[in-house]
1. In the range 1-13, how many residues are at pLDDT 90 or above, over 18 Å from Phe65 (Cα atoms) and surrounded by 10 or more Cβ atoms within 10 Å (Cβ to Cβ)?
2. Out of the residues in the range 49-63 meeting the condition of being closer than 16 Å to Leu8 by Cα and out of contact with any helix residue (DSSP H, G or I) (no Cβ under 7 Å at 6 or more places or on another chain), tell me which one is surrounded by the most Cβ atoms within 10 Å (Cβ to Cβ).
3. Which residues, counting only those in the range 24-43, are more than 15 Å from Lys10 (Cα to Cα), of a type in the set (A, V, I, L, M, F, W, C) and surrounded by 15 or more Cβ atoms within 10 Å (Cβ to Cβ)?
4. I'd like to know if the range 16-30 contains one or more residues that are without any contact (Cβ under 8 Å) to a residue 12 or more places away in the chain and touching a helix residue (DSSP H, G or I) at 6+ places or on another chain (Cβ under 6 Å).
5. Scan the range 33-56 and give yes if some residue there is of a type in the set (Val, Ile, Thr), over 12 Å from the mean Cα position of the chain (by Cα) and part of a helix (DSSP H, G or I), otherwise no.
6. Take Asp68 and decide whether it is assigned to a helix (DSSP H, G or I), out of contact with any strand residue (DSSP E or B) (no Cβ under 8 Å at 6 or more places or on another chain) and among the charged types (D, E, K, R).
7. So which of Leu75, Leu46 is surrounded by 12 or more Cβ atoms within 10 Å (Cβ to Cβ), of a type in the set (A, V, I, L, M) and without any contact (Cβ under 8 Å) to a residue 60 or more places away in the chain?
8. Would a scan of the range 4-13 turn up a residue that is touching a strand residue (DSSP E or B) at 6+ places or on another chain (Cβ under 6 Å), acidic (Asp, Glu), touching a residue at least 24 places away in the same chain (Cβ under 8 Å) and part of a helix (DSSP H, G or I)?
Amino acid sequence: MTAQDGALRKRSVLIAGHKTSVSLEGAFWEELRAIAAERDMPLGRLIEEIDMTRGGNLSSAIRLFVLDRLREKRLKP
């Protein structure tokens, strides 16, 4: 991990037809893109899915989603 991976990066995303900004560290953006690619879906669609199930802040919900996915991968035999 580099210093850049920990730097916050703000991106504009379209969710349900509305533009919003999401700030995440570079490492989270990278993992989120990888998950979207694994699912063969656009990044924006994955973020929309996360948004539909979140209870709080979107950036936090994305971080928790990525963390859960990484934990799942680690626990698979």
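The values are calculated or read from the model by the stated rules, or taken from the named source; none is laboratory data. For clarity, every value in this text was computed on a predicted model and none was experimentally measured. So basically every Cβ, Gly included, is an ideal-geometry build from the backbone, and we count neighbours across all protein chains shown.
1. Residues in the range 1-13 being at pLDDT 90 or above, over 18 Å from Phe65 (Cα atoms) and surrounded by 10 or more Cβ atoms within 10 Å (Cβ to Cβ): 0 in total.
2. Start the filter on the range 49-63 by keeping residues that are closer than 16 Å to Leu8 by Cα, which leaves 57-63.
Cutting the leftovers down to out of contact with any helix residue (DSSP H, G or I) (no Cβ under 7 Å at 6 or more places or on another chain) gives us 57, 59-60.
Working: Asn57: 11, Ser59: 17, Ser60: 12.
Residue satisfying both the conditions and the ranking: Ser59.
3. Going through the range 24-43, the residues more than 15 Å from Lys10 (Cα to Cα) turn out to be 31, 34-42.
Within this subset, residues satisfying the condition of being of a type in the set (A, V, I, L, M, F, W, C) are 34-37, 41.
Within the range 24-43, Ile35, Ala36 qualify.
4. Residues of the range 16-30 that are without any contact (Cβ under 8 Å) to a residue 12 or more places away in the chain, as a first pass: 17-19, 21.
Those left that are additionally touching a helix residue (DSSP H, G or I) at 6+ places or on another chain (Cβ under 6 Å): none.
Among the residues of the range 16-30, not one is without any contact (Cβ under 8 Å) to a residue 12 or more places away in the chain and touching a helix residue (DSSP H, G or I) at 6+ places or on another chain (Cβ under 6 Å), which makes the answer no.
5. The initial filter retains those residues of the range 33-56 that are of a type in the set (Val, Ile, Thr), namely 35, 47, 50, 53.
With the extra rule that they be over 12 Å from the mean Cα position of the chain (by Cα), the set shrinks to 53.
Right, trim to part of a helix (DSSP H, G or I) and you get 53.
Yes; the residues of the range 33-56 include at least one that is of a type in the set (Val, Ile, Thr), over 12 Å from the mean Cα position of the chain (by Cα) and part of a helix (DSSP H, G or I).
6. It is true that Asp68 is assigned to a helix (DSSP H, G or I), out of contact with any strand residue (DSSP E or B) (no Cβ under 8 Å at 6 or more places or on another chain) and among the charged types (D, E, K, R).
7. On the way: Leu75 fails: surrounded by 12 or more Cβ atoms within 10 Å (Cβ to Cβ).
Answer to the selection: Leu46.
8. No: the range 4-13 contains no residue that is touching a strand residue (DSSP E or B) at 6+ places or on another chain (Cβ under 6 Å), acidic (Asp, Glu), touching a residue at least 24 places away in the same chain (Cβ under 8 Å) and part of a helix (DSSP H, G or I).
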